[in-house]
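**Q** Once you've had a glance at the structure underneath, I'll fire off some questions.
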Amino acid sequence: GGWCPSRIHARESGGKLPAMGGQLGPQPCQARRSDAAAILEDHRSLTHVSTLLLKTLVAFTAGAVLMLVLSFTMYRRSYYYEKARAEADAAAEMPGMRSRLVTVAILLAMILFIALFDLWVLAGGMRSFVFLSLLNLGLVALLSLFDGLFIDLLLLVVWRPALLRLPEGQPTRESMLRHLKVQFTAGWIFKVPIAVLGAALASILGGGLG
């Protein structure tokens, strides 16, 4: 049954445990319990990793949809879009304050999205602020690749669906390549704060991090 061999021997020998080298003899059932505990811990760790990867994949999909919506609605009124249009048309007038406010609203929407993702991750257990920030950077990097390669290059330059009603000849491949170079280099000036502020907002809404 559930008795250790050493315990059975102890019962039969008047309660004395067999000694080996002046120490208690081995107790196989305890070793089996230790092995079972280690296996259970490994299973839990693997489950946590799998759950985290699944949540990240779901968040990436939701973020990609959000970026598509923002790209063809609010982004067309943003500072950088209107600035690019003005430069392409050689216009002297630069974007006004409204376009800057729209840009801030887009950044706030991304921070809120990241924070909601962090709160979802926190539902599976306590995570450190550094862990969430690094996780957010990975998600932001994936979304940045989606934005640059799929939206900017494929949709706006290669495919150019009529539904988008893009201006004739705009954006050009050259201007978009310049835009991508900035996005994947200096653009991190905005991406890192989005990741960190998202973790900070999640910390506030979630009542603190471990």
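The values are calculated or read from the model by the stated rules, or taken from the named source; none is laboratory data. Note that this is a predicted model, so its numbers are computed, not measured. Ideal geometry is used to build each Cβ from the backbone, glycine not excepted, and the neighbour counts take in all protein chains shown. Just so you know, the surface numbers come from the protein's heavy atoms only, side chains and all, with ligands and any DNA or RNA stripped out. Shrake-Rupley method; radii C 1.70, N 1.55, O 1.52, S 1.80 Å.
**Q** For the range 174-192, which residues satisfy the criterion of being without any contact (Cβ under 8 Å) to a residue 60 or more places away in the chain, part of a helix (DSSP H, G or I) and either within 12 Å of GLY148 (Cα to Cα) or not basic (Lys, Arg) (or both)?
**A** GLU174, MET176, LEU177, ARG178, LEU180, LYS181, VAL182, GLN183, TRP188, ILE189, VAL192
**Q** On to the next question. Within the range 123-138, can one find any residue that is surrounded by fewer than 16 Cβ atoms within 10 Å (Cβ to Cβ), at pLDDT 95 or above and not hydrophobic (A, V, I, L, M, F, W, C)?
**A** yes
**Q** What are the pairs, 6+ residues apart or on separate chains, where a residue within the range 58-76 that is on the phi > 0 side of the Ramachandran plot and modelled with pLDDT under 90 has its Cβ under 8 Å from a residue that is in a helix (DSSP H, G or I) and open to solvent by less than 50 Å² (accessible area, probe 1.4 Å)?
**A** none
**Q** While we're here: Taking the stated definitions as given, is PRO171 under 24 Å from ALA105 (Cβ atoms), over 24 Å from the mean Cα position of the chain (by Cα) and either in contact (Cβ under 8 Å) with a residue 12 or more places away in the chain or assigned to a helix (DSSP H, G or I) (or both)?
**A** When the stated conditions are applied, PRO171 passes them.
**Q** I'd like the full set of residues that are of a type in the set (Val, Ile, Thr) and either closer than 20 Å to VAL104 by Cβ or under 19 Å from the mean Cα position of the chain (by Cα) (or both), limited to the range 179-210.
**A** Scanning the range 179-210 gives VAL182, ILE189, VAL192, ILE194, VAL196, ILE204.
**Q** For the range 169-189, which residues satisfy the criterion of being of a type in the set (A, V, I, L, M, F, W, C) and in contact with a helix residue (DSSP H, G or I) (Cβ under 7 Å, 6 or more places away or on another chain)?
**A** If the condition is that a residue be of a type in the set (A, V, I, L, M, F, W, C) and in contact with a helix residue (DSSP H, G or I) (Cβ under 7 Å, 6 or more places away or on another chain), then MET176, LEU180, PHE184 are the ones that fit.
**Q** Can you name the number of the only condition in (1) out of contact with any helix residue (DSSP H, G or I) (no Cβ under 9 Å at 6 or more places or on another chain); (2) modelled with pLDDT under 90; (3) within 19 Å of TYR80 (Cα to Cα); (4) not aromatic (Phe, Trp, Tyr) that LEU166 fails?
**A** (1)
**Q** Given the structure, is ASP147 at pLDDT 85 or above, touching a His at 6+ places or on another chain (Cβ under 7 Å) and among the charged types (D, E, K, R)?
**A** Against the criterion (at pLDDT 85 or above, touching a His at 6+ places or on another chain (Cβ under 7 Å) and among the charged types (D, E, K, R)), ASP147 does not qualify.
**Q** Name, by its number, the condition in (1) assigned to a loop (DSSP other than H, G, I, E, B); (2) charged (D, E, K, R); (3) modelled with pLDDT of 90 or more that does not hold for ASP118.
**A** Result: ASP118 passes all but (1).
**Q** Next question. Which pairs do you get when a residue that is within 29 Å of THR172 (Cα to Cα), found in the range 124-152, comes within reach of a residue that is open to solvent by less than 70 Å² (accessible area, probe 1.4 Å) and of a type in the set (Ser, Thr, Tyr), reach meaning Cβ atoms under 7 angstrom, with the pair 6+ apart or on two chains?
**A** Matching pairs, first to second residue: LEU139/THR56; ILE151/SER71.
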